[in-house]
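Written out below as structure tokens is the structure these notes cover.
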Amino acid sequence: MTAEPQATDYRADTPITQLAEWLGDSVSPAEFPSHDLRFRNDRWAAAIGLAELSDEQWIAHFGRFEPLPGNLPEPLALRYHGHQFRNYNPDIGDGRGFLFAQLRDSETRLLDLGTKGSGQTPYSREGDGRLTLKGGVREILATEMLEALGVYTSKTFSLIETGESLYRGDEPSPTRSAVMVRLSHGHIRIGSFQRLAALRETDQMAQLVEYCLENYPGNAPPEDAPGRDEPGVVLMHQVVERMADLAASYMVAGFVHGVLNTDNMNISGESFDYGPWRWLPKWDPGFTAAYFDHSGLYSFGRQPEAIHWNCAQLAIALRVLVDSDPLIAALERFGELYQQAMTRRFTWRLGVKSLGPEDDVALIAAAETYMREAEIGPETFFFRHRGGQEAPAGEFGEFLARYQGVEGDDDPLWREAAAPSLVIDEVERIWDAIDQNDDWDPLTLQIERIRLLGKALGNPA
């Protein structure tokens, strides 16, 4: 979220070792020709007691992957299956990343340090296990902006350029290489459960459910929920709640993830794994991020449907433990929970106090019409109206006039000419400066502006 992380001491804790024998495979990191530190997230390093590392120590741990004290002795590439664009694939897993360490933050939450671009694993198939530098830069931008906009997201923790030339079909090649580390609240996917269900590994499934309930605690199911004492049912309710909020957070952010496959759905409800993402240039439910998404399956407006469908795949997997009816009852809560999250998050970002579900839904509908007719995106819309820079017009203006503002609209950010934006032209401008001139200043400046936006918005209500 957008709250400033609180500093704490380093506290290694590795409960994943209880499951490691069947959840993953021990692997060795790649050896790279060079290690140029390009980004270190000291805000979040402080939250897990690692901000005092020197650059040399940082590179040793997050470029050469020397184990952290008292942590995992070897990296762990996780096993999972998944639906990829609704086609089931049993031949996947961590193909260019691994779990490197587990730690506790200042709130005692369990956090994982996982990699991207750290070399080949048993699940690399034909891939080289590497990450392009551009891909790493894009993930820094995506996670920083999503965090500022109140989306529960992984944090880009480290990016180190590694001195290799990579060939890719979707960007000019050869291109520069990097290894990235992300900080996440777990790496257990819906696809992790799908794999165990496909293999009929019931005992392991029960252990994984318990691991998730213990390490990613959530709300108890409603009092009238059938089977509410069954661990699998409890987990299903918690995941549905988290995923409904995640879907709403994408919509209010104007963000298109692009690849909402079940192996990219974290059971903690945390958004992660950013590839072809885009922000809306204008309000368009049919806008897609991935050039290969020919049917628009994961278009902007279909993201809630896609995430709900993924939740249904978790319910199907959990049927090896519990009956269908309680799982279906949990799944059926998604729509109402999504609508609640939409109104809560939309009024928060607009800077007004809720008037209740009926009024808030009408306000959102009027705002969507306004954006569509004005051919503007959410960034421009919210920025213009948050600080009162533009008089509300039409039906949207009539609805908004009934709402009372909240504290924070006097922040200096709202007086600037425009909001920080990550539409594709801006992303390419930042990358071109790095690629052509090795100029990292535009990236640094954009991160600073994005963090100011997060500070001005505060935490979602």
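The values are calculated or read from the model by the stated rules, or taken from the named source; none is laboratory data. Please read all numbers here as calculations on a predicted model, not as lab measurements. We place every Cβ from the backbone using ideal geometry, glycine too, and count neighbours over all the protein chains shown.
Return yes or no: is Arg372 assigned to a helix (DSSP H, G or I), surrounded by fewer than 14 Cβ atoms within 10 Å (Cβ to Cβ) and touching a residue at least 40 places away in the same chain (Cβ under 8 Å)? Against the criterion (assigned to a helix (DSSP H, G or I), surrounded by fewer than 14 Cβ atoms within 10 Å (Cβ to Cβ) and touching a residue at least 40 places away in the same chain (Cβ under 8 Å)), Arg372 qualifies. Among the residues of segment 215-223, are any among the aliphatic types (A, V, I, L, M) and assigned by TED's automatic domain parsing to the domain that holds Gln102? There is no residue in segment 215-223 that is among the aliphatic types (A, V, I, L, M) and assigned by TED's automatic domain parsing to the domain that holds Gln102.
Of the candidates Gly129, Gly150, Gly114, the single residue that is in a loop (DSSP other than H, G, I, E, B), within 26 Å of Val256 (Cα to Cα), touching a Lys or Arg at 6+ places or on another chain (Cβ under 6 Å) and at pLDDT 95 or above is Gly129. Assessment of segment 39-50 against the conditions (farther than 28 Å from Thr121 by Cα and assigned to a loop (DSSP other than H, G, I, E, B)) yields at least one matching residue.
Does Thr108 meet the test of being β-branched (Val, Ile, Thr), surrounded by fewer than 19 Cβ atoms within 10 Å (Cβ to Cβ) and in contact (Cβ under 8 Å) with a residue 24 or more places away in the chain? Explain how you work it out, then say what you get.
Values: β-branched (Val, Ile, Thr): yes; surrounded by fewer than 19 Cβ atoms within 10 Å (Cβ to Cβ): yes; in contact (Cβ under 8 Å) with a residue 24 or more places away in the chain: no.
Taking the combined requirement at face value, the residue does not satisfy it.
Just wondering, is there one or more residues in segment 41-59 that are on the phi > 0 side of the Ramachandran plot and exposed (fewer than 14 other Cβ atoms within 10 Å of the Cβ)? Full working, then the answer.
Pass one, segment 41-59, residues on the phi > 0 side of the Ramachandran plot: 49.
Then keep just the ones that are exposed (fewer than 14 other Cβ atoms within 10 Å of the Cβ); that gives none.
Checking segment 41-59: not a single residue is on the phi > 0 side of the Ramachandran plot and exposed (fewer than 14 other Cβ atoms within 10 Å of the Cβ).
From Thr115, Thr162, Thr121, Thr156, grab the single residue that is under 30 Å from Phe346 (Cβ atoms), surrounded by 16 or more Cβ atoms within 10 Å (Cβ to Cβ) and hydroxyl-bearing (Ser, Thr, Tyr). Please lay out each step first, then the result.
Numbers: Thr115 fails: under 30 Å from Phe346 (Cβ atoms); Thr162 fails: under 30 Å from Phe346 (Cβ atoms); Thr121 fails: under 30 Å from Phe346 (Cβ atoms).
Unique residue meeting the criteria: Thr156.
Any chance you could count how many residues in segment 288-313 are touching a strand residue (DSSP E or B) at 6+ places or on another chain (Cβ under 6 Å) and part of a loop (DSSP other than H, G, I, E, B)? Residues flagged as touching a strand residue (DSSP E or B) at 6+ places or on another chain (Cβ under 6 Å) and part of a loop (DSSP other than H, G, I, E, B) within segment 288-313 amount to 1.
If you go through segment 159-187 and keep only what is touching a Leu at 6+ places or on another chain (Cβ under 7 Å) and β-branched (Val, Ile, Thr), you end up with Ile160, Thr175, Val179, Val181. Of the candidates Ala290, Ala329, Ala317, the single residue that is in contact with a Phe, Trp or Tyr (Cβ under 6 Å, 6 or more places away or on another chain) and hydrophobic (A, V, I, L, M, F, W, C) is Ala317. Could you go through segment 354-366 and let me know if any residue there is crowded, with 20+ Cβ neighbours inside 10 Å and among the small types (Gly, Ala, Ser). Within segment 354-366, not a single residue is crowded, with 20+ Cβ neighbours inside 10 Å and among the small types (Gly, Ala, Ser).
For Leu19, indicate whether it is farther than 23 Å from Tyr152 by Cα, touching a residue at least 40 places away in the same chain (Cβ under 8 Å), touching a Phe, Trp or Tyr at 6+ places or on another chain (Cβ under 7 Å) and surrounded by fewer than 16 Cβ atoms within 10 Å (Cβ to Cβ). Break it down stepwise before answering.
Details: farther than 23 Å from Tyr152 by Cα: yes; touching a residue at least 40 places away in the same chain (Cβ under 8 Å): yes; touching a Phe, Trp or Tyr at 6+ places or on another chain (Cβ under 7 Å): yes; surrounded by fewer than 16 Cβ atoms within 10 Å (Cβ to Cβ): no.
No, not satisfied.
Of all residues in segment 393-413, none satisfies being out of contact with any strand residue (DSSP E or B) (no Cβ under 8 Å at 6 or more places or on another chain) and farther than 28 Å from Lys353 by Cβ.
For segment 282-308, a residue qualifies if it is under 16 Å from Ile190 (Cβ atoms) and either free of Cβ contacts under 8 Å to residues at least 40 places away in the same chain or of a type in the set (Lys, Arg) (or both), and exactly one does: Glu305. Out of everything in segment 316-330 that is within 24 Å of the chain's Cα centre (by Cα) and crowded, with 22+ Cβ neighbours inside 10 Å, what residue ends up being farthest from Gly191 (Cα to Cα)? Taking the candidates together, the pick is Ala330. Does segment 323-335 contain at least one residue that is over 17 Å from Tyr152 (Cβ atoms) and in contact with a Ser or Thr (Cβ under 8 Å, 6 or more places away or on another chain)? Scanning segment 323-335 turns up no residue that is over 17 Å from Tyr152 (Cβ atoms) and in contact with a Ser or Thr (Cβ under 8 Å, 6 or more places away or on another chain).
For every residue, the table says whether it meets (1) assigned to a loop (DSSP other than H, G, I, E, B); (2) farther than 28 Å from Arg138 by Cβ; (3) out of contact with any Asp or Glu (no Cβ under 7 Å at 6 or more places or on another chain).
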| residue | (1), (2), (3) |
| --- | --- |
| Glu52 | yes, yes, yes |
| Ile59 | no, no, yes |
| Leu72 | yes, no, yes |
| Gly97 | yes, no, yes |
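Name the pairs: first residue in segment 344-360 and of a type in the set (Gly, Ala, Ser), second residue part of a helix (DSSP H, G or I), Cβ to Cβ under 8 Å, at least 6 apart or on different chains? Going by the 8 Å Cβ cut-off, the qualifying pairs are Gly351/His385; Gly351/Arg386; Ser354/Thr343; Ser354/Arg344; Ser354/Thr347; Ser354/Asp360.
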